[in-house]
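One structure is given below, encoded as structure tokens.
The values are calculated or read from the model by the stated rules, or taken from the named source; none is laboratory data. Here the structure is a predicted model, which means the values were calculated and not measured. Cβ: placed from backbone, ideal geometry, glycine included. Neighbour counts: every protein chain shown.
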Ligand SMILES: C[S@@+](CC[C@H](N)C(=O)[O-])C[C@H]1O[C@@H](n2cnc3c(N)ncnc32)[C@H](O)[C@@H]1O
């Protein structure tokens with residue numbers, strides 16, 4: 001659903017330690033591509049939780065015993081505290097994860113030492129620092145670009161809580177270029193120009209990329 005979810009996850013996984021048999025929550029899992037990738041590549045058990053995609057529709061694409069699909073809202077998750085070894089979120093955390101109190105909530109579902117991994121659209125400069133949302137970005141995503149924080153913003157936001165040790169907070173060097181490649185592929189597949197292409201071409205790699213974030217619960 002989002003841009004290049006598997007390339008993002010592959011990069012994010014470099015900063016995670018995923019072992020066979022671990023319990024992993026794929027939060028905002030969409031149609032389940034990332035959940036299948038996690039189960040297949042790392043041998044983990046995956047709970048694929050999403051709000052907009054019906055779990056029956058997602059399950060129809062998946063058909064694996066090691067992936068459970070469910071409908072869940074990110075603020076009212078139906079799991080026991082300390083249940084997961086890892087929580088992974090690809091291109092969804094920007095919808096709910098920027099609130100100051102969210103890290104405390106989401107890490108309550110991790111075991112001590114459990115890992116949180118996030119790949120999320122990001123900008124090279126904070127909107128607050130620029131004083132405005134660049135026109136080409138505003139045109140497509142409007143105020144929602146406020147959630148596209150820099151890696152430094154995330155590092156500070158997470159470290160200051162002392163709830164986690166941040167093990168990675170970086171902007172992808174090729175994030176913009178990968179996004180362009182993805183948008184061209186989507187345009188070709190659908191036979192019409194992808195919505196994001198105008199924004200990406202106008203940006204030319206100045207502001208747009210993805211942040212890769214990883215942390216361990218203390
Ligand atoms: C851009 S899609 C990405 C889906 C998938 N991770 C991917 O990369 O293809 C964003 C996903 O976030 C989910 N989402 C947004 N807000 C949510 C919330 N409050 N609780 C749970 N999921 C949410 C949506 O259901 C949607 O599937």
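Some points to look at:
- Of the criteria (1) within 13 Å of the ligand (Cβ to nearest atom); (2) assigned to a loop (DSSP other than H, G, I, E, B); (3) crowded, with 22+ Cβ neighbours inside 10 Å, which one residue 149 fails: (1)
- Residue within the range 199-209 that is surrounded by 15 or more Cβ atoms within 10 Å (Cβ to Cβ), at negative phi and assigned to a strand (DSSP E or B) present: yes
- Taken together, the criteria place residue 69 among residues that are within 13 Å of the ligand (Cβ to nearest atom), farther than 20 Å from residue 213 by Cβ and in contact with a strand residue (DSSP E or B) (Cβ under 6 Å, 6 or more places away or on another chain).
- Yes/no for residue 18 being modelled with pLDDT of 95 or more, over 12 Å from the mean Cα position of the chain (by Cα) and more than 13 Å from residue 69 (Cα to Cα): yes
- Checking 131, 113 one by one, the residue that is modelled with pLDDT of 95 or more, on the phi > 0 side of the Ramachandran plot and out of contact with any strand residue (DSSP E or B) (no Cβ under 7 Å at 6 or more places or on another chain) is 131 and no other.
- Of the residues making up the range 156-173, those that are under 15 Å from the mean Cα position of the chain (by Cα) and either over 20 Å from residue 206 (Cβ atoms) or free of Cβ contacts under 8 Å to residues at least 24 places away in the same chain (or both) are 168, 169.
- Of all residues in the range 41-58, those satisfying the criterion of being over 27 Å from residue 104 (Cα atoms), in contact (Cβ under 8 Å) with a residue 24 or more places away in the chain and touching a strand residue (DSSP E or B) at 6+ places or on another chain (Cβ under 9 Å) are 57, 58.
- If you go through the range 76-96 and pick out every residue that is over 22 Å from residue 17 (Cα atoms), in contact with a helix residue (DSSP H, G or I) (Cβ under 7 Å, 6 or more places away or on another chain) and part of a loop (DSSP other than H, G, I, E, B), you end up with 1.
- Checked against the criterion of being in contact (Cβ under 8 Å) with a residue 12 or more places away in the chain and assigned to a strand (DSSP E or B), the range 174-190 contains not a single residue that satisfies it.
- Exactly one residue out of 48, 59, 35, 13 is within 11 Å of the ligand (Cβ to nearest atom) and out of contact with any helix residue (DSSP H, G or I) (no Cβ under 6 Å at 6 or more places or on another chain): that is 35.
- Scope the range 22-32; condition surrounded by fewer than 23 Cβ atoms within 10 Å (Cβ to Cβ), closer than 15 Å to residue 5 by Cβ and either without any contact (Cβ under 8 Å) to a residue 40 or more places away in the chain or away from the ligand (no atom under 13 Å from the Cβ) (or both); matching residues: 31
- Verdict on residue 82 being touching a residue at least 24 places away in the same chain (Cβ under 8 Å), within 13 Å of the ligand (Cβ to nearest atom) and at positive phi: no
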